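> So that we are looking at the same thing, I have put the structure below in structure tokens.
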Amino acid sequence: MNNIFTYILKTPRGLLPLWLFVEFTTTMITYDSHTLSNGLRVVANHDSDSAMAAVNLLYAVGARNELSDCTGFAHLFEHLMFRGTRAVPDFDAPLQLACGENNAFTNNDYTDYYITLPKDNIETALWLESDRMRGLEISDEVLEGEKRVVLEEYNQRYLNQPYGDMWKLLRGMCYTTHPYRWPTIGLTPDHIRDASMATVRRFYDRYYSPENCILSVSSGHDPEHIFALAEKWFGHIPASGFTRDTIPAEPTQTSARRLEVVRDVPATAIMIAFPMGDRLSRSYYLCDMLTDVLAGGTSARLYQRLVKGRRLMGATNAYITGDVDPGLLVVTANLLPETSVAEAEQALWEELRELAESAPSDYELTKIKNKFEAEMTYGEMNIMNKAMNLGYYSMLGDLPLINREAELFRSITREEIAAAAADIFRPERSSTLIYAKQ
Amino acid sequence: MIQPPAITIPQTIRVAQPTEQRLANGVRLLALTNPGQNVVRLSFVFEAGTTTQHKPFVASSAQNLLNEGSSRHSAIEIAEALDYYGSYFEVSLDRDYSVITFCCLARFFDESIGTFEEILLDPLYAPDEISIYASKRKQSLEIERRKTATKARERFARALFGEGHPYGVSYHESHYDNLTHNDLEEFYRRRYTAENCFVVCSLDDDPKRLARIARFAEQVPSAGHHTPVEIPAPTSTLYDSEQVEQAVQSSIRMGKLLFGRQHPDFVGMQVVTYILGGYFGSRLIDNLRERNGFTYSVFASMINMRHAGYMAIATDVGCEFAERAVEEIRAEVGRLSKELVSADELETVRRIMFGEFMRILDGPMGLVDVTIEATQNGTDNHYIARSLDEIRTITPERIRDLAERYLNPETLTTVVVGK
């Protein structure tokens, strides 16, 4: 559906979320799951059509687990996970010899490592992943080198891009307490520069344990075989007695927030964000549908009315951040040169108010539900997508949800959508960022 | 010490061949069938890339506005008809080709195919839609061109092929203001013809659906003649640069005009560029990223076009590292023709390339893309097996000889945009 999500394939490693509006599709997917005695959760999907295996390791640690003076660390650490162990000094080389390819990304909530390779070579992937779950060995020199790479990533993806700091500004406004207030790349390059070896060790020992990890596989192997292989490669790793962090909750917002900045950009952009429920709440699905009514496809309201009908904007969007803890529903617009900020804001608010005042039609809802189902089917064609999704739902603590979501969407009524719109789109809960051109 | 698991090296990759029929209008329809497949995709490929336009942005506008209204339905009605069934329409454009792709769930095929037909065969190009589109695209191109990477890419094409060359030229976004209904209509009539078209589809084995697709494709009008595209000889310049005051990174593009996929040395040069910068762990990654920390990413590849081909290296580096990065890239290119690649390194690259083919071909959508590319290149899906054979048997000596022949570092075109 229309939520902001975090991965694309075939790009350099170390990918971060934000800006990448990849459709996150779930599937009606068959799977079996099993937990090893050390706490490692294993989920396997059997796909007899594929000659490949997709192996995914999700560690439930992301930017939300960072301290406010050491932001960007989870992502820096993800980079370090590729810099070798005592037994395997180069992670990529043995995998490449097995015709494998791998990458990883970090977001607010978790860090994901993924591999595809010919299914007969699946043990190479499991060997390498089990090795780096325990045996990482980082020298001062490697740490310093990797910091430079991450600083260039910071430059490339944020500083050297028009609108590159919009999300950082918005997060800072929407969150006062919860660690979602900083971006995954970090609040400032200084935090990356200052990261110490002691922090590296502490972070690794604390979060990279079998209890905090999910191994998910989609391949031509049957699940029992995958469980046996998981036992063989990961069974010996001791449990660490891991306990979850307590993350401070964000207090309820009671007054509108607003920030206006002026930048050297070709078009003025607006973002309006509203707090919404957590990933397992019903609010999540309602908000997802709200953003679909607004911006799910070219027939959706914002595009048809504001871009095409009234010609106020060059582009509009609406999406949810899709975070595990209570996240954001965001509405965005790039203004055409002749449109004023006031005019654009008013037009956006009219659309939001209309949703609260009159329920969307049955037709609109059916369209969104059909679209959701189609996207599930398209997504099911890719084994990596399946393995990632299995890991993700397992992390949420409700693996069967992966197959229940279609039903959940179908159960939503017009009245419920209108009530959700009235509840979410309150001016006193809004945060507005005006990113004005000079 | 744990023993690494044994590895199996796949010896071949099974690549399905499409069944082919030639329709009454002369269009080739290539079908890839897969029993039980619940998604239908069809892609129309036209020789209607930017080299075939007489006015800036006409080729891209003609394809992007296909779905913005027909003689029977408005743009919004068409958008609804697609979205309601979760069907989609997608276009891609390069210098040579326009590819129009339609996708739907098999169970909504009957509901969707009529809309697909209307989009492709009956575009209205209403002036109102053109002006909305133009202002939207003008804005997004303006934003795009604030990026050093975009500036560098455009300058690099100009430097490789020449300022006004159809493979090198780029246009100011203000040209969007001059697009007219007649421009698009004329282009559509001239280029979206049966003579310029082939179709690749992927579906289950229901013959009724394939017959329906054939009836669709048969309606692509014939112009009665095929006008070949004339591409003049390119002229490369060695160096170009642009200062961008606010840049924190400089975008570097380096490369050299060589040849396209039909050339007997193309696959060999693909191996050479893989060694240089085709994978994570390549020489350029090792040097620029892992050892020097100049960049987050660097990549090299062979680019195939219909009437040309070139080797390209792309990276964005901290501004203060730009000069040293260019030197290091030159040194790595030079090393290819001075030293023999080791057996281990070559074996790694072979297996990576092998794995890459397997990944592309895993699943029906990748197979459509491979079939499109093979057909564009005047060959068929057997080219994968031939390429793999060549990758398997290429020697370090041949790699060195190819690098010596084609990649003299002094002759590389270099573009730097930043500070």
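Nothing in this text is a laboratory measurement; each read-out follows from the coordinates by a stated rule. These numbers were taken from a predicted model, which means no experiment stands behind them. Neighbour counts run over all protein chains shown; Cβ positions are idealised from the backbone, glycine included.
> If you build a Gaussian network model of chain B, linking Cα atoms that sit under 10 Å apart, which residue out of B:Tyr97, B:Tyr274, B:Tyr133 swings the most?
In the Gaussian network model the winner is B:Tyr133.
> Shifting gears a bit: With +1 on each Lys and Arg Cβ and -1 on each Asp and Glu Cβ, and nothing else charged, work out how big the dipole of region A:32-234 is about its Cα centre, in Debye to the nearest 20. Mind showing how you got there, number by number?
Working: 18 positive and 30 negative charges, 139 e Å.
So the dipole magnitude of region A:32-234 works out to roughly 660 debye.
> Continuing with the same structure: Which aspartates and glutamates, on any chain, are close to A:Lys168 with Cα under 19 Å apart, when same-chain ones fewer than 8 places away are left out?
Here the aspartates and glutamates satisfying the reach criterion relative to A:Lys168 are A:Glu66, A:Asp69, A:Asp109, A:Glu152, A:Glu153, A:Asp190, A:Glu250, A:Glu260, A:Asp264, A:Asp323, A:Asp325.
> Given Cα pairs under 8 Å that are at least 6 residues apart, what percent is the relative contact order of chain A? Walk me through the numbers on the way to the answer.
On the way: 878 pairs, mean separation 104.8, N = 438.
Relative contact order, chain A: 24 percent.
> Stokes-Einstein D for the protein assembly as shown at 37 °C, 0.692 mPa s, Kirkwood Rh over Cα pairs, in µm²/s? Mind dumping the intermediate values first?
Working: Rh = 28.4 Å.
In µm²/s, the coefficient rounds to 115.
> Provide B:Cys103, B:Cys319 in ascending order of the number of other Cβ atoms located within 10 Å of each residue's Cβ, fewest first. Don't skip to the answer; put the middle values down first.
On the way: B:Cys103 21, B:Cys319 18.
Arranged by neighbour count, lowest to highest, B:Cys103, B:Cys319 become B:Cys319, B:Cys103.
> Determine the relative contact order of region B:19-217: mean sequence separation of Cα pairs under 8 Å and six or more apart, normalised by residue count, in whole percent.
Details: 325 pairs, mean separation 76.1, N = 199.
That works out to 38 percent.
> Efficiency by 1/(1 + (r/R0)^6): what FRET value for A:Arg201 and A:Thr413, r their Cβ-Cβ distance, R0 = 56 Å, to the nearest 0.05? Each step should come with its number before you reach the end.
Numbers: r = 52 Å, r/R0 = 0.93.
Efficiency at R0 = 56 Å is approximately 0.60.
> Full extension from B:Glu186 to B:Asp110: what is 0.36 nm times the residue separation minus their Cα-Cα distance, to one decimal in nm?
Working: separation 76, 0.36 × 76 = 27.36 nm, distance 3.12 nm.
Roughly 24.2 nm would be gained on extension.
> Let me ask something else. Within straight cross-link reach of B:Lys151, meaning Cα distance under 16 Å, which aspartates and glutamates are found once same-chain residues fewer than 8 apart are removed?
Within reach: B:Glu142, B:Glu163, B:Glu173, B:Asp240, B:Glu242, B:Glu245, B:Asp316.
> Treat every Asp and Glu Cβ in the protein assembly as shown as -1 and every Lys and Arg Cβ as +1, leave all other atoms uncharged, and give the resulting dipole magnitude about the Cα centre to the nearest 20 debye. Before the final figure, lay out the partial values.
On the way: 87 positive and 117 negative charges, 167 e Å.
Computed about the Cα centre, the dipole is about 800 debye.
> What ranking do B:Glu144, A:Glu415 get, fewest neighbouring Cβ atoms within 10 angstrom at the top? Each step should come with its number before you reach the end.
Values: B:Glu144 17, A:Glu415 9.
Least to most surrounded, the residues fall as A:Glu415, B:Glu144.
> Could I ask something else about it? Could you list the residues of region A:34-72 with an amide nitrogen less than 13 Å from a label point located 7 Å from the Cα of A:Ala228 in the Cα-to-C-beta direction?
Backbone N within reach: none found.
> Using only helices, what value at 222 nm comes out for the protein assembly as shown when you add -39,500 (n - 2.57) per DSSP H run of length 4 or more and divide by the total residues, to the nearest 500 deg cm²/dmol? The partial results should precede the final answer.
Details: 27 runs with 332 residues, N = 857.
Computed mean residue ellipticity for the protein assembly as shown: -12000 deg cm²/dmol.
> Exposure proxy check: A:Thr116, B:Thr348, A:Thr377 ranked by fewest other beta carbons within 10 Å? Mind showing how you got there, number by number?
Details: A:Thr116 28, B:Thr348 22, A:Thr377 17.
So the ranking, lowest neighbour count to highest, is A:Thr377, B:Thr348, A:Thr116.
> Contour minus end-to-end for B:Ala385 and B:Glu230, with contour as 0.36 nm per residue of separation and end-to-end as the Cα-Cα distance?
Values: separation 155, 0.36 × 155 = 55.80 nm, distance 3.16 nm.
Length gained between B:Ala385 and B:Glu230: 52.6 nm.
> Hey, for a label at A:Arg244 modelled as a point 7 Å past Cα toward Cβ, could you say which residues of region A:275-311 have their backbone N under 19 Å away?
A:276-285, by backbone N distance to the label point.
> Hey, which of these cross-link pairs are over 21 Å Cα-Cα: B:Lys256/B:Lys338; B:Lys138/B:Lys419; B:Lys55/B:Lys136? Before the final figure, lay out the partial values.
Details: B:Lys256/B:Lys338 19 Å; B:Lys138/B:Lys419 26 Å; B:Lys55/B:Lys136 19 Å.
Violating the 21 Å limit, Cα to Cα: B:Lys138/B:Lys419.
> Between B:Ala223 and A:Arg310, what's the calculated FRET efficiency when r is the beta-carbon distance and R0 is 30 Å? Round to 0.05.
The pair B:Ala223/A:Arg310 has a calculated efficiency of 0.15.
> May I have the convex hull volume per residue, in Å³, for the Cα set of chain B? It would help to have the intermediate numbers written out before the result.
Numbers: hull volume 72.2 nm³, N = 419.
Normalising the Cα hull of chain B by residue number yields 172 Å³.
> Something else: Which cross-chain or sequence-distant (5 or more) residues have an amide H under 5 Å from the amide H of B:Leu258, H modelled 1.01 Å from N in plane?
Under 5 Å from the amide H of B:Leu258 lie the amide H atoms of B:Gly309, B:Tyr310, B:Met311, each far enough along the sequence or on another chain.
> Right, next: Between helix B:148-161 and chain B, what is the angle of the helix's C-alpha long axis to the longest principal axis, kept within 0 to 90° and rounded to the nearest 10?
Helix B:148-161 and the main axis of chain B meet at about 90 degrees.
> Next up: Quick one: length gained pulling B:Leu340 to B:Ile13 fully straight, 0.36 nm per residue minus the C-alpha distance?
Details: separation 327, 0.36 × 327 = 117.72 nm, distance 2.86 nm.
Taking B:Leu340 through B:Ile13 to full extension adds about 114.9 nm, to one decimal.
> Below 8 Å, C-alpha to C-alpha, sequence gap of six or more: please give me the relative contact order for chain B in percent.
Values: 733 pairs, mean separation 87.6, N = 419.
For chain B, the relative contact order is 21 percent.
> Across the residues of B:338-351, average count of Cβ atoms on other protein chains within 10 Å?
Working: counts 0, 0, 0, 0, 0, 0, 2, 1, 0, 2, 5, 1, 3, 9.
For peptide B:338-351, the averaged partner shielding equals 2.
> Taking Cα centroids, how far is region B:63-113 from region A:76-139 in Å?
41 Å
> Lysines near A:Lys386 by alpha-carbon distance under 29 Å, same-chain residues fewer than 8 away left out - which ones?
Partners found: A:Lys10, A:Lys119, A:Lys232, A:Lys367, A:Lys369, A:Lys371.
> Residues in region A:44-60, backbone N under 20 Å from the label point at B:Ile2 (7 Å along the Cα-to-beta-carbon vector): list them, ranges by number please.
Flagged as within label range: A:44, A:53-60.
> Now for a separate question. Round to the nearest 10 and give me the degree value, 0 to 90, for the angle of helix B:343-361's Cα axis relative to the longest principal axis of chain B.
Tilt relative to chain B: about 10 degrees.
> Continuing with this model, one more query. Report, to the nearest 10°, how far helix B:396-406 tilts away from the longest principal axis of the Cα atoms in chain B, using its own Cα long axis and a range of 0 to 90°.
The two axes meet at around 70 degrees.
> Please report, in debye to the nearest 20, how large the charge dipole of chain A is about its Cα centre when each Lys and Arg carries +1 at its beta carbon and each Asp and Glu carries -1 there.
On the way: 42 positive and 59 negative charges, 166 e Å.
The calculation lands at about 800 debye.
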